[in-house]
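K.L.:
Here it is, the structure, as structure tokens.
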Amino acid sequence: MKTIDTTRFPNDLGYIFPAEWEEHEATWLSWPHKEESWPDRIELIFPNYAAFIAELTKGEKVRINVKDEAMKEFALSYITKTDADLNQLEFFFHPTNDAWCRDHGPAFLVNQDRTEKVIVDWGFNAWGGKYPPFDQDDVIPTKIGEAFHLPVFHPGIIMEGGAVEFNGAGVLLTSKSCLLNENRNPHLNQQEIEDYLKNYYGVTQILWVDEGIIGDDTDGHIDDTVRFVNETTVLTVVESNPEDENYEILQHNLRQLQAMTLSDGRALNIIELPMPKGVFCEGERLPASYANFYIANKSVIVPTYQCAEDTIALKIIQECFPDRKVIGIDSVDIIWGLGSFHCLSQQEPKIK
């Protein structure tokens, strides 16, 4: 293996974070087990979570962090009830505190000719210290680096995968409500955070929206509101009901997107995506959003919410991905954990 100086910035060494639609070697997951994340209903999420895994295995490996052999067998008891390709499954005995692999999993970067891969291990503090303990989640990227003998960079600041969105051509999109929140990196200002993003993700331009949706306990992750579908096009959720508490938030974000230009002067191509009907549990507004889809090698897996907007959203997303099959999987129970398929997964890019 080529020796990499991990005291330098990945950007200076020519590494970038590729777009999600670029070919994957695998998708990483952390098997759900924390009952407090799905109080009184964790057993309800496993069939649809297993359906998610089955769909992923049709186009790539699925690498799952589990605590031990017992958790592996429990996972298989659900996965084997689906049409999953079991030859595509790989389990790793990496205990986690929770299931949100987008945020605690490794950020995989590749070099320009896609022949080398490295990991960035950002600090993780469970979204501003909201859900301790998080010690096991915080070390997952380094454990995966050790398992695959990959170089690991440690920026030394808090960052979550769901907070950042990439076009694969130098642009990163994020939200001020999350990355500038005092519960993440209070010692850093916006410019300093941008420097970290550029140095460790290999991007050249940072675009900011202000807010996230109601009910999002991450303080406004971008993967619930705005997603790149190609280098110049974003899908952004909008709320059609002016009386809905998300209406003005999302209109404001839309206006911000409309005012943005890429570094070459081009405006963003913006496609509006509806919000589902409000999803509530015990009076709590949940962060249900169609933007929390996951782009796999063969498909785009979209959370659905048992409402009429499901069909509209699936059609819009399908038009954005003509080379992939768009699959809707019910997320009414999964969203009680305050996240869905994108939050639960992290892609590992394929190299030559």
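K.L.:
With θ set to phi - 60°, apply the Karplus curve 6.51 cos²θ - 1.76 cosθ + 1.60 along the stretch 153-159 and write out the HN-Hα couplings as whole Hz, x wherever there is a Gly or Pro.
P.N.:
9, 10, x, x, 10, 7, 7
K.L.:
Continuing with the same structure: Grab the Cα-Cα distance for LEU262 and PHE148, subtract it from 0.36 nm times how many residues apart they are, and report the gain in nm with one decimal.
P.N.:
Gain in length upon complete extension: 37.5 nm.
K.L.:
Okay, next question. Quick one: what are the phi-derived ³J(HN,Hα) couplings along the stretch 240-255, Karplus 6.51/-1.76/1.60 with θ = phi - 60°, whole Hz, x for glycine and proline?
P.N.:
Karplus values, whole Hz, x for Gly and Pro: 7, 8, x, 7, 6, 5, 8, 4, 5, 3, 6, 5, 5, 4, 4, 4.
K.L.:
Let me ask something else about it. Can you give the local net charge around ILE334? Use residues other than it whose beta-carbon is closer than 13 angstrom to its beta-carbon, Lys and Arg +1, Asp and Glu -1. All intermediate terms of the calculation are to be shown ahead of the outcome.
P.N.:
On the way: positive: ARG41; negative: GLU43, ASP330, ASP333.
Once all neighbours under 13 Å are counted, the net charge is -2.
K.L.:
Starting with the highest mean, order 64-71, 22-29, 223-230 by the number of other Cβ atoms within 10 Å, averaged over the residues of each peptide.
P.N.:
For the peptides 64-71, 22-29, 223-230, the packing ranking is 223-230, 22-29, 64-71.
K.L.:
While we're on this one: Report the paramagnetic label zone for ARG41: residues of the stretch 117-148 whose backbone N is under 12 Å from a point 7 Å from Cα along the Cα-to-Cβ axis.
P.N.:
none
K.L.:
Simple spin-label model, 7 Å along Cα-to-Cβ: ASP330 to GLN318 in nm?
P.N.:
Once both label points are built, they end up 2.0 nm from each other.
K.L.:
In deg cm²/dmol, rounded to 500, what helix-only [θ] at 222 nm does the chain give when every DSSP H run of at least 4 residues adds -39500 (n - 2.57) and the total is split over its residues?
P.N.:
Computed ellipticity for the chain at 222 nm equals -7500 deg cm²/dmol.
K.L.:
Assigning unit charges at the beta carbon (Lys, Arg +1; Asp, Glu -1) and nothing else, what dipole magnitude in debye, to the nearest 20, does the chain show about its Cα centre? Don't skip to the end; give the middle numbers.
P.N.:
Working: 29 positive and 57 negative charges, 207 e Å.
The calculation lands at about 1000 debye.
K.L.:
Further, regarding this structure: Would any residue of the stretch 273-315 have its amide N under 11 Å from a label point 7 Å out along Cα→Cβ of LYS81? List them or say none.
P.N.:
Counting only backbone N, you get no residues.
K.L.:
Rounded to the nearest 0.05, what FRET efficiency is calculated for ASN241 and ASN269 with R0 set to 25 Å and r the Cβ-Cβ distance?
P.N.:
Rounded to the nearest 0.05, the efficiency is 0.50.
K.L.:
If you don't mind, another one. In whole angstrom, note down how far apart the Cα centers of the stretch 1-31 and the stretch 274-352 are.
P.N.:
25 Å
K.L.:
Say each of GLN190 and CYS281 gets a label point 7 Å from the Cα, pointing the same way as Cα to Cβ; how far apart are those two points in nm?
P.N.:
In this crude label model, GLN190 to CYS281 measures out at 3.5 nm.
K.L.:
Listing HIS33, HIS104, HIS154 from the residue with the fewest other Cβ atoms within 10 Å to the one with the most, what is the order?
P.N.:
By the 10 Å Cβ count, ascending, the order reads HIS154, HIS33, HIS104.
K.L.:
In nm, to one decimal, how far is the modelled label at THR204 from the one at ASP5, with both set 7 Å along Cα→Cβ?
P.N.:
2.3 nm
K.L.:
Can you work out the Karplus-derived ³J(HN,Hα) for every residue in the stretch 215-232? Use 6.51 cos²θ - 1.76 cosθ + 1.60 with θ = phi - 60°, whole Hz, and x for glycine or proline.
P.N.:
x, 7, 6, 8, 6, x, 4, 5, 6, 9, 10, 9, 9, 6, 10, 7, 4, 10
K.L.:
Taking one equal scatterer on every alpha-carbon of the chain, how large is log10 of I(q)/I(0) by Debye at q = 0.07, 0.09, 0.11, 0.15 1/Å?
P.N.:
-0.26, -0.44, -0.68, -1.40
Only the coordinates and a few stated rules stand behind these numbers; no lab work does. Predicted model, so just to flag it, every value in this text is computed and none were measured. Glycine also receives a Cβ, built like all others from the backbone with ideal geometry; neighbour counts cover every protein chain displayed.
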